[in-house]
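Worksheet for the structure shown next.
The values are calculated or read from the model by the stated rules, or taken from the named source; none is laboratory data. This is a predicted model, so every value here is computed, not measured. In this analysis, Cβ positions are derived from the backbone assuming ideal geometry, glycine residues included, and neighbour counts consider all displayed protein chains.
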Amino acid sequence: MPVYNAEKYLNPSIKSILNQTFKDFELIIIDDGSTDNSNKIIKSFQQSDTRIKLISRDNKGLTPSLNEGLNHVQGKYVARMDADDIALPKRFATQLAFLETHIDHVALGSRVLLIDPEGLPICPFIEEFDHETIENKHLRGCLGSFIVHPSVMMCHEALQKVGGYDETMEPAEDLDLFLRLAEIGYLANYPDILLKYRMHSKSIGHSRRLEQKRAVRLAVNKAYHRKKLDYSLYQTSNNDDSPNSIDGIHRKWAWWALKAGNIETAKKHSILALSKNPASLDNWKVFACSIRGY
């Protein structure tokens, strides 16, 4: 778990890991130079649970922190976790059972529930479960990874074989890793929801969107070269509906929540979208639909 100024959500995130039904693990936390109370929160958990291993140092960034964490791994499997997400209690047990019985698989993510910054449900996410479907979408460069990074459990030996994360590929370091792992084994997503994935208007997918799109193209380009495929045949999806504006982000979440039947979440974000831009007809439309409930 890499941590950087995550005090707002860190407590429930750590609790969700310590409360797993599978108990035999070590929680390696890299405090990447936090300037808030994150380090204090982690140490308070560490005092009562010896499974926590804390590494604190100056800020180096996300991908160097991920590789540093891998350097401390002693187990057969590595589970990723972010400091603002919530793992469901049976996540580790479920993923471990799958990987132990599917020895040709090197990484297993899961379906996730998207939640808003306050934890309200938006909608389920991930409909791609088998290796072929995931790999095809990755090689098409469909706007990023189809394994939700903090939901994944991976084989330590496979990670060592591919050399861990490529620090030059951020903010598409996860896609690049999964493309390389897919060259030595199978990928999959478990069809049940095992993680609550928190959405933010300042997340990488929004704040570094253009940079991420470039990194995605580069990751796919490298994969094509490794596979000796003709990159001129590469066709990326143009269905990038990631909004740039704050009202657009709330509007998107409102539509997603409405479609999933999470009416209260839809109302909340349609109102926020409208408050940010009352002149938008699209905002009025999602507001009206949310009030009606369909």
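Looking only at the range 15-65, filter to residues that are hydrophobic (A, V, I, L, M, F, W, C) and in contact with a His (Cβ under 9 Å, 6 or more places away or on another chain); which one of those is surrounded by the fewest Cβ atoms within 10 Å (Cβ to Cβ)? Top of the filtered list is I55. The lone criterion from (1) farther than 24 Å from L177 by Cα; (2) among the hydrophobic types (A, V, I, L, M, F, W, C); (3) out of contact with any Asp or Glu (no Cβ under 7 Å at 6 or more places or on another chain) left unmet by L54 is number (3). I263 meets each of the listed conditions (1) β-branched (V, I, T); (2) out of contact with any Gly (no Cβ under 7 Å at 6 or more places or on another chain); (3) at pLDDT 95 or above apart from (2).
The single condition from (1) part of a loop (DSSP other than H, G, I, E, B); (2) buried (at least 19 other Cβ atoms within 10 Å of the Cβ); (3) out of contact with any Ser or Thr (no Cβ under 9 Å at 6 or more places or on another chain) that Q74 fails is (2).
Between E167, E157, E132, the distinction of being within 19 Å of L62 (Cβ to Cβ), in the same structural domain as G75 (by TED's automatic domain parsing) and surrounded by fewer than 18 Cβ atoms within 10 Å (Cβ to Cβ) belongs to E167 only. Among the conditions (1) hydroxyl-bearing (S, T, Y); (2) closer than 21 Å to A83 by Cα; (3) in contact with a strand residue (DSSP E or B) (Cβ under 6 Å, 6 or more places away or on another chain), Y165 misses just one, which is (3). Among the residues here, L113 does not qualify as touching a residue at least 40 places away in the same chain (Cβ under 8 Å) and either of a type in the set (V, I, T) or at positive phi (or both).
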